[in-house]
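The values are calculated or read from the model by the stated rules, or taken from the named source; none is laboratory data. Quantities reported herein were computed from a predicted structural model and do not represent experimental measurements. Glycine also receives a Cβ, built like all others from the backbone with ideal geometry; neighbour counts cover every protein chain displayed.
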Amino acid sequence: MNSIQGKRVLLTGATGGIGKAMLQLLLVSGAEVVVTGRDETALNQLASAAQGRVYPFAADLNDEQNRQALYALCAAAGDIDILINNAGISQFSAHTEQDFAALLTTNLLSPMQLTQLFMPMLKQRAGTVLNVGSTFGSIGYAGFSGYCASKFGLRGYTEALQRELADSKVQVLYLAPRATRTAINSPEVDALNQALGQGVDLPEQVAKALIEQLVNGDKRRYLGTAENIFIRLNALLPGLVDRALGSKLKQIKQYFRSATAKNSVGV
């Protein structure tokens with residue numbers, strides 16, 4: 001069992017629905033938190049409400065100079081014990097209309113580079129990395145080809161890093177939420193989930209699972225009973241999942257966003 005009390009946490013994507021819920025439970029658990037995002041006003045509001053236990057850093061972490069500046073801030077604050085790679089974007093549309101570069105950079109490359117940057121610090125403090133993935137990091141789903149690719153990659157990166165650091169004191173964890181009621185979902189995705197009767201969690205449920213995982217040190221955690229079954233079926237008998245999702249393909253495509261639609265962003 002691990003205690004979060006007195007730990008310093010770096011939380012990316014802190015202004016989104018899941019990020020805000022995570023921040024609140026981290027503070028309740030006794031942590032200090034460096035929060036990042038692109039909305040400076042929202043970050044400052046989070047810091048103001050926390051009365052000195054939250055350090056805001058507004059920047060686009062896809063930029064190397066910004067990552068280096070974030071590292072300097074954390075070092076000046078006394079280093080970090082826990083890195084939570086939570087920031088992400090999503091897009092639901094035909095694959096011909098998706099911005100693969102943005103999806104892969106934000107959801108995969110930036111978390112990898114941030115983890116690489118902070119690893120020496122985390123090794124010194126026997127720290128923890130927790131990467132927030134997705135059910136779609138294990139199941140390919142029509143309309144989410146770029147998002148699935150990025151989350152499949154994040155899951156693979158996390159697993160490889162777990163095994164590489166097995167002889168160290170650094171923990172590397174992977175949390176895979178299912179659909180969650182946040183702004184990352186476009187109205188089309190919300191409508192599709194409702195039409196298909198798919199389970200949707202509240203951000204607070206995901207945040208609670210994250211805290212439990214940090215405390216227990218579970219390497220992998222996948223949310224949702226039905227989703228867990230589907231993940232196992234997809235690994236063992238992918239043809240069954242092909243047929244199950246294929247029967248819904250016409251309905252799914254009815255909700256595809258047009259090429260000119262704005263991407264849904266923010267975790």
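Collect the residues in segment 9-22 that are of a type outside the set (Ser, Thr, Tyr) and either out of contact with any Lys or Arg (no Cβ under 9 Å at 6 or more places or on another chain) or assigned to a helix (DSSP H, G or I) (or both), keeping them in residue-number order.
Within segment 9-22, Val9, Leu10, Leu11, Gly13, Gly16, Gly17, Ile18, Gly19, Lys20, Ala21, Met22 qualify.
Take the residues of segment 137-158 that are assigned to a helix (DSSP H, G or I) and of a type in the set (Phe, Trp, Tyr): which is surrounded by the most Cβ atoms within 10 Å (Cβ to Cβ)?
The qualifying residue surrounded by the most Cβ atoms within 10 Å (Cβ to Cβ) is Tyr147.
Within segment 166-187, which residues are small (Gly, Ala, Ser) and under 15 Å from Glu204 (Cα atoms)?
If the condition is that a residue be small (Gly, Ala, Ser) and under 15 Å from Glu204 (Cα atoms), then Ala176, Ala179, Ala183 are the ones that fit.
Which of the residues that make up segment 238-254 are part of a loop (DSSP other than H, G, I, E, B) and surrounded by 12 or more Cβ atoms within 10 Å (Cβ to Cβ)?
Residue satisfying the conditions is Lys248 alone.
Condition (residue is over 19 Å from Ile184 (Cβ atoms), touching a helix residue (DSSP H, G or I) at 6+ places or on another chain (Cβ under 8 Å), in contact (Cβ under 8 Å) with a residue 40 or more places away in the chain and of a type outside the set (Ser, Thr, Tyr)) applied to segment 125-142: is it met by at least one residue?
Yes; the residues of segment 125-142 include at least one that is over 19 Å from Ile184 (Cβ atoms), touching a helix residue (DSSP H, G or I) at 6+ places or on another chain (Cβ under 8 Å), in contact (Cβ under 8 Å) with a residue 40 or more places away in the chain and of a type outside the set (Ser, Thr, Tyr).
Restricting the search to segment 191-200, which residues are buried (at least 17 other Cβ atoms within 10 Å of the Cβ) and in contact with a helix residue (DSSP H, G or I) (Cβ under 9 Å, 6 or more places away or on another chain)?
Hit for segment 191-200 is Leu192, nothing else.
Answer yes or no: is there a residue in segment 23-33 that is of a type in the set (D, E, K, R) and assigned to a loop (DSSP other than H, G, I, E, B).
Within segment 23-33, not a single residue is of a type in the set (D, E, K, R) and assigned to a loop (DSSP other than H, G, I, E, B).
Going through segment 82-136 one residue at a time, which ones are assigned to a strand (DSSP E or B) and within 13 Å of the chain's Cα centre (by Cα)?
Those that are assigned to a strand (DSSP E or B) and within 13 Å of the chain's Cα centre (by Cα): Leu83, Ile84, Asn85, Ile89, Ser90, Val129, Leu130, Asn131, Val132.
Considering segment 49-65 alone, what residues qualify as being in a loop (DSSP other than H, G, I, E, B), at pLDDT 95 or above and either farther than 27 Å from Val189 by Cβ or of a type in the set (S, T, N, Q) (or both)?
Scanning segment 49-65 gives Ala59, Asn62, Asp63.
Between Glu188, Glu212, Glu204, which is surrounded by 13 or more Cβ atoms within 10 Å (Cβ to Cβ), at pLDDT 95 or above and under 23 Å from Ile89 (Cα atoms)?
Glu204
Rundown of residues vs (1) of a type in the set (S, T, N, Q); (2) in a loop (DSSP other than H, G, I, E, B); (3) crowded, with 16+ Cβ neighbours inside 10 Å, yes/no style:
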| site | (1), (2), (3) |
| --- | --- |
| Asn2 | yes, yes, no |
| Thr36 | yes, no, yes |
| Asn44 | yes, no, no |
| Ala47 | no, no, yes |
| Arg67 | no, no, yes |
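Quick check on segment 91-120: of everything there that is of a type in the set (Ser, Thr, Tyr) and either in contact with a His (Cβ under 9 Å, 6 or more places away or on another chain) or at pLDDT below 95 (or both), which residue is surrounded by the fewest Cβ atoms within 10 Å (Cβ to Cβ)?
Taking the candidates together, the pick is Thr96.
List the pairs whose first member sits in segment 64-80 and is among the aromatic types (Phe, Trp, Tyr), whose second member is loosely packed, with under 12 Cβ neighbours inside 10 Å, and whose Cβ atoms are under 7 Å apart, counting only residues at least 6 apart or on separate chains?
Here the result reads none, with nothing in segment 64-80 linked to a residue that is loosely packed, with under 12 Cβ neighbours inside 10 Å.
With the requirement that a residue be surrounded by 16 or more Cβ atoms within 10 Å (Cβ to Cβ), over 14 Å from Ala87 (Cα atoms) and small (Gly, Ala, Ser), what does segment 49-65 give you?
The one that is surrounded by 16 or more Cβ atoms within 10 Å (Cβ to Cβ), over 14 Å from Ala87 (Cα atoms) and small (Gly, Ala, Ser): Ala50.
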